[in-house]
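The values are calculated or read from the model by the stated rules, or taken from the named source; none is laboratory data. Just so we're clear, the structure is a prediction, and the values are computed from it rather than from any experiment. Cβ placement follows ideal geometry from the backbone for every residue including glycine, while neighbour counts extend to all protein chains displayed. Please note that ligands, DNA and RNA were not included when accessible areas were found on the heavy atoms of the full protein model with its side chains. Shrake-Rupley method; radii C 1.70, N 1.55, O 1.52, S 1.80 Å.
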Amino acid sequence: MNSKNIKKHLKAKLRDWVEHIDDEEVKKAVLENTIVTGGALVSLLTGEPVHDYDVYFRTKEACVTVADYYVSKWNKEHPDKPVSLRISEETGKVSCFIQSKGIADEDETGGNEIAYNFDSTSEEDAEVGIEPAQETAEEKPDSKEKYRPRFITSNAITLSNKIQIVTRFYGEVADIHKNYDFAHCTCAWSSWDNEVFLPQKALECIINKELYYIGSLYPLCSIIRTRKYLERGYHINAGQYVKMCMQLNALDLTDVRVLEDQLTGVDTAYFQLMIDELKKHQEETGSNKVDSSYAMKLINKLF
């Protein structure tokens, strides 16, 4: 898909989303401040089904307005699993707080399982030029409200119809990409001027299916994320791992707060369980550091 059609596709997606928002202030915030970046742009460029649309906002005010709207909707529908929105006065970080579990899932049925995925619809596949798959007997259309909050973590609110609102960061496109790790993810679209950003290095990496590490505040997350890209046919040279390890070496992963921060966004359910157990173990032992032996046993148990 070329840039003209990407603009058309994303503008239509945003318009459909906004039509299902019943608050004028929230509609305005979305229309005037939305940035779509990450894997959606890669999929649109390569003609593959879009897994999800990672949405960011260019201002803190817009981020808070939209996040508060969907947290309120969640709490109305799920009073047994309340979520609260928190804004740090010190850092300005916008986050969702879910008591005890760290995650809130619409499809949770008990235990530690998270029943959650992002399958594309036949209509969305058709827009990108993908032949529709044969529908199986088990597949049922989602008859619930479109763009409803389905899954919430401390840093993101995931809606049905493949919208993922990231609250962890906000700012202009360049500010958002300071927190990104691989070059191929740095294409973007902005709602207020309907512009598409296609950096040369990003296009090179997409064409060659190359993982090129550009540096990140979250190198541990980046190392783990390479797994999914390798499964999709990407390749990475040893030097990129060295770059990630050099940044990781500067962090103290025996500090559970640092470890939790570094694991944000990867295998959420199991890692959150691990963090919760590590915190309990620290309280029981009176230690302020992660016990690596205990952590390894815990990982073996959970994974």
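Residues in segment 154-202 that are buried (at least 19 other Cβ atoms within 10 Å of the Cβ), among the hydroxyl-bearing types (S, T, Y) and closer than 28 Å to L273 by Cα: 5 in all.
For segment 217-242, the set of residues classified as surrounded by fewer than 19 Cβ atoms within 10 Å (Cβ to Cβ), of a type in the set (S, T, Y) and in a loop (DSSP other than H, G, I, E, B) consists of Y234 only.
Cβ separations smaller than 6 Å between residues 6+ apart or across chains give the following pairs from segment 194-206 residues that are closer than 12 Å to K4 by Cβ to residues that are open to solvent by 40 Å² or more (accessible area, probe 1.4 Å) and of a type in the set (G, A, S): V196/S3.
Open to solvent by less than 40 Å² (accessible area, probe 1.4 Å), at pLDDT 85 or above and not in a helix (DSSP H, G or I): does that describe V266? Break it down stepwise before answering.
Details: open to solvent by less than 40 Å² (accessible area, probe 1.4 Å): yes; at pLDDT 85 or above: no; not in a helix (DSSP H, G or I): yes.
So V266 does not fit the description; no.
Looking only at segment 243-262, residues that are outside any helix (DSSP H, G or I) and open to solvent by 70 Å² or more (accessible area, probe 1.4 Å) come to 1 in all. Those strands (runs of 3 or more DSSP E) of segment 45-142 in which 1 or more residues are at pLDDT 50 or above, in contact with a Cys (Cβ under 7 Å, 6 or more places away or on another chain) and farther than 29 Å from L263 by Cβ are absent. A search for C-beta distances below 7 Å between a residue of segment 135-153 that is within 26 Å of Y270 (Cβ to Cβ) and surrounded by 10 or more Cβ atoms within 10 Å (Cβ to Cβ) and any residue that is at pLDDT below 60 and among the aromatic types (F, W, Y), counting only pairs 6+ apart in sequence or on different chains, returns F151/Y116.
No other residue among Y180, Y212, Y229, Y218 is touching a Cys at 6+ places or on another chain (Cβ under 6 Å), in contact (Cβ under 8 Å) with a residue 12 or more places away in the chain and under 30 Å from T254 (Cα atoms) apart from Y212. Looking across segment 203-216, just one residue is modelled with pLDDT of 95 or more, touching a helix residue (DSSP H, G or I) at 6+ places or on another chain (Cβ under 6 Å) and open to solvent by 60 Å² or more (accessible area, probe 1.4 Å), and that is Y212. Checked across segment 41-53, the condition of being in contact (Cβ under 8 Å) with a residue 60 or more places away in the chain, β-branched (V, I, T), under 21 Å from A12 (Cα atoms) and touching a strand residue (DSSP E or B) at 6+ places or on another chain (Cβ under 8 Å) holds for no residue. Examine segment 76-96 for a residue that is free of Cβ contacts under 8 Å to residues at least 12 places away in the same chain, touching a strand residue (DSSP E or B) at 6+ places or on another chain (Cβ under 7 Å) and surrounded by fewer than 17 Cβ atoms within 10 Å (Cβ to Cβ), and state whether such a residue exists. Yes, because at least one residue in segment 76-96 is free of Cβ contacts under 8 Å to residues at least 12 places away in the same chain, touching a strand residue (DSSP E or B) at 6+ places or on another chain (Cβ under 7 Å) and surrounded by fewer than 17 Cβ atoms within 10 Å (Cβ to Cβ). Summed over segment 6-25, residues that are open to solvent by 60 Å² or more (accessible area, probe 1.4 Å), within 12 Å of V196 (Cα to Cα) and either in contact with a strand residue (DSSP E or B) (Cβ under 8 Å, 6 or more places away or on another chain) or touching a residue at least 12 places away in the same chain (Cβ under 8 Å) (or both) total 1.
Within segment 282-295, does at least one residue satisfy the condition of being part of a helix (DSSP H, G or I), of a type outside the set (S, T, N, Q), open to solvent by less than 60 Å² (accessible area, probe 1.4 Å) and more than 20 Å from H51 (Cα to Cα)?
Within segment 282-295, one or more residues are part of a helix (DSSP H, G or I), of a type outside the set (S, T, N, Q), open to solvent by less than 60 Å² (accessible area, probe 1.4 Å) and more than 20 Å from H51 (Cα to Cα).
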